[in-house]
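Engineer: Right, I'll just put the structure down here and ask away after.
The values are calculated or read from the model by the stated rules, or taken from the named source; none is laboratory data. What you see is a predicted model, and the numbers here were worked out from it, not measured in a lab. Note that each Cβ is placed from the backbone with ideal geometry, even for glycine, and that neighbours are counted across all protein chains shown. These accessible areas exclude ligands, DNA and RNA; they are computed on the full protein's heavy atoms, side chains included. Shrake-Rupley method; radii C 1.70, N 1.55, O 1.52, S 1.80 Å.
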Amino acid sequence: MAAAAASCRSPLAWLFALAAALFFASWYLLLDSAAGPAAAYQGLRLAAGARGRLPGPGTKCDPARALLRVYMYDLPPEFHFGLLDWAPPGFGGGVWPDVRAAVPEYPGGLNLQHSVEYWLTLDLLASEQGAPTPCAAVRVRRHADADVVLVPFFASLSFNRHSRVVPPARGSEDRALQRRLLQFLAARPEWRRTGGRDHVVLAHHPNGMLDARYRLWPCVFVLCDFGRYPPSVANLDKDVIAPYRHLVDNFANDTAGYHDRPTLLYFQGAIYRKDGGSIRQELYYLLKDEKDVHFSFGSVAGNGIEQATQGMRASKFCLNIAGDTPSSNRLFDSIVSHCVPVIISDEIELPFEDVLVYSKFSVIVRGADAVKKGFLMNLIRGVSREEWTLMWNRLKEVEKHFEYQYPSQTDDAVQMIWKTIARKVPSIRLKINRLRRFSRFETNKTDESPPHSSSWLQNQAP
């Protein structure tokens, strides 16, 4: 009888346990659905890795949790920190500084505006050495484990420091470095495997990589704009637009609202420019006598940066007009001064525009409209205090995305650039796979070279 009773209770207990499990599961699903898709998406992001969290001192980033895995060439120091007069400590000290202790200092002034190569390289070294970083991008030691390959040549600094020919040399040291870089890449199996399509080249200065750019067209360029590049070499489909490093200081604790900024519209800079910058001269004659408008010549010489800082902080709107190139650091000076940018540059490409809506914190005007008499001033004066205040507050929210710093912080310019490159990875892989459609496998299966990839690069060297 006892055995029979136990056999009866066993199915009942099993059914009770099943009902309880279904009850709790239904409540979990109900609560989860109430949280909405945003919470579900956030959960996916956290599952992929808590990338916004800075690791503790000495903690290296985990490549498995990184958004982007980067293989970086160990180029000799002459291509990067050696341009900053850094040398490896002692004999056999390696090619990289220990960024956990101190980092080589980058020169100030106008050099800073194109320093993106410096900040990205520092962050990648930090990911490997255990210095603080959000770990969005992590250095890996095998090309097979990488999403992209970084070419750590400080091209902008090389141009700024070594583009002039020093007799008795017949060519500049900048051109010589570009030539040696092409020779280095041509010899690398990483280049031969992909034809350079997964290589990231940092050439933020408009004149950086002036010779080599035409040989490196398959690569992903990190640029300030496309003004001096033909579309066959650089374009928005494959390349990344990065912000300038601003020259004026951030406007911390800014409470200077609408009525605290007496100047309506501000511009100070070079007025007479070539190419597309001729519009500056037209606007100067249209606006120079307008009430509440400051439009004058200026430069970084003397106390130019201090004057620009004070002028922008005292202005509601700041003009950002095309010059010799479609872009300039003035836009980013405006952003960190919380002076609403008025962008007049038809050929400009804006950093991170796939995730940032610039119309929420700036005014963008076609060049043909801007030079119509009365058009620009009517447009600016038509912006209400409430509309301006919304844009002013939005500037304070987005300025972090345009900040270069070391250690890098979550969603600053460095991390935004890494994320932009990461969004290019599916397209890069597609191009590489298409390239390999009809390639014949070598005996060494790890070196599946596109036809003539290295010889083409060598033959095209300047």
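Engineer: Taking amide H atoms as placed 1.01 Å from N in the peptide plane, list the residues 5 or more away in sequence, or in a different chain, whose amide H sits under 5 Å from that of V233.
Structural biologist: For V233, no residues qualify.
Engineer: Could you do me a favour and compute the accessible area per residue for the stretch 217-308, 1.4 Å probe, result in Å²?
Structural biologist: That works out to 48 Å² for each residue.
Engineer: Would you mind putting 355-362, 69-76 in packing order, based on average other-beta-carbon counts within 10 Å, highest first?
Structural biologist: 69-76, 355-362
Engineer: Separate question: Throw me the Rg/Rh for the stretch 86-130, computed over C-alpha atoms with Kirkwood Rh, two decimals.
Structural biologist: On the way: Rg = 11.8 Å, Rh = 11.8 Å.
Result: Rg/Rh = 1.00.
Engineer: Can you pull the percent of Cα pairs in the stretch 226-338 with separation above 16 Å? Intermediate results must be reported in sequence, preceding the final value.
Structural biologist: Numbers: 4041 of 6328 pairs.
Percent of Cα pairs beyond 16 Å in the stretch 226-338: 64.
Engineer: Excluding same-chain residues fewer than 8 positions from K60, which lysines have a Cα within less than 24 Å of its Cα?
Structural biologist: Reachable lysines: K419.
Engineer: I've got another one for you. Round to the nearest 0.05 the FRET efficiency obtained for D346 and T59 when R0 = 41 Å and r is the Cβ-Cβ distance.
Structural biologist: Taking R0 as 41 Å, the efficiency between D346 and T59 is 0.30.
Engineer: Now a separate question. Just order 378-388, 110-120 by mean Cβ neighbour count inside 10 Å, highest at the front, would you?
Structural biologist: Highest mean packing first, the order is 110-120, 378-388.
Engineer: Using a 1.4 Å probe on the protein heavy atoms, what percent of the accessible area of the stretch 71-178 belongs to carbon and sulfur?
Structural biologist: 53
Engineer: Multiplying the sequence separation of H162 and D74 by 0.36 nm and subtracting their Cα-Cα distance, what value in nm do you get?
Structural biologist: 29.5 nm
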